[in-house]
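First up is the structure itself, then whatever we jot down about it.
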Amino acid sequence: MSSSQPGTCPCQGAAGRPAILYALLSPSLRARPAVPPAPSRCLCRQHRPVRLCAPHRTCREALDVLARTVGFLRNLPSFCQLPPQDQQRLLRGCWGPLFLLGLAQDTVTFEVAEAPAPSILKKILLEEPSSRVRGGQLPDRPQPSLAAVQWLQCCLESFWSLELGPKEYAYLKETILFNPDVPGLHASSHIGHLQQEAHHALCEVLEPWCPTGQGRLARVLLTASTLKSIPPSLLGDLFFRPIIGDIDIAGLLEDMLLLSQPVPAQAESKCRLGRSWQH
């Protein structure tokens, strides 16, 4: 192994610059010296982009998890009675961990393979000098890396090893959902109280009469904390973008939650909640 600084790759030069051959031959690096070049493709195995081996099947299973997540929220009175704005903010703040818990609960497995990419020489020959930066637009979002996907799979396997039941998953989802630290909440104190209730219920389920229950609770909470390290963008890019393209998953969940409610009850709920949460 090379003694390079953390975050740098052996396939790149000092300070993360592209290899000398690439710098000499690439037209974008020769023609526009004033524009910082985009980082070259990393050749290390852990950083190589990957894609799903069975994208249609996995995407369908992921959409089923989203649908069950909406069903969970719809059947949670403490969530449905919150102001609509708070529902949206909570959903946008935690849809990633909720989705991951759904994957774990449904035991969704998937395999990935390295995404095909043109060779460096082919990339250089086909590259246009103006393709890097055009009109201030950013380059295309990179595909998920092998290291990121392996970490996601490791988190799922950690949950499977806990062998949680439906009640434990439900209370854990509530503990994550009711986060009073989400910015812009109108009823943050009430949401904090709901989180405490969910945490207490989780403790009761995990510690019925077992003297090792406290240790099990610590393992569950520690494993749940790893969910925050997985960015929602990775979930969208891996499970949904290959089939349905770029889509706002939080917005999709909001629409699914809205469409699952009867229209008259929906309007009545909005009016009632608007009056009751006014300060």
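The values are calculated or read from the model by the stated rules, or taken from the named source; none is laboratory data. None of these values were measured; they are calculated from a predicted model. So basically every Cβ, Gly included, is an ideal-geometry build from the backbone, and we count neighbours across all protein chains shown. Remember, those area values only see protein heavy atoms, side chains included, never the ligands or the DNA or RNA. Shrake-Rupley method; radii C 1.70, N 1.55, O 1.52, S 1.80 Å.
Overview of values
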| quantity | calculated |
| --- | --- |
| Among Leu66, Phe79, Cys94 - extreme Cα towards positive end, dipole of the range 49-95, charges at beta-carbon | Leu66 |
| Computed accessible area, His200, all protein chains, 1.4 angstrom probe, square angstrom | 110 |
| Cα→Cβ-extended label distance, 7 Å offset, between Asn75 and Leu63, nm | 2.2 |
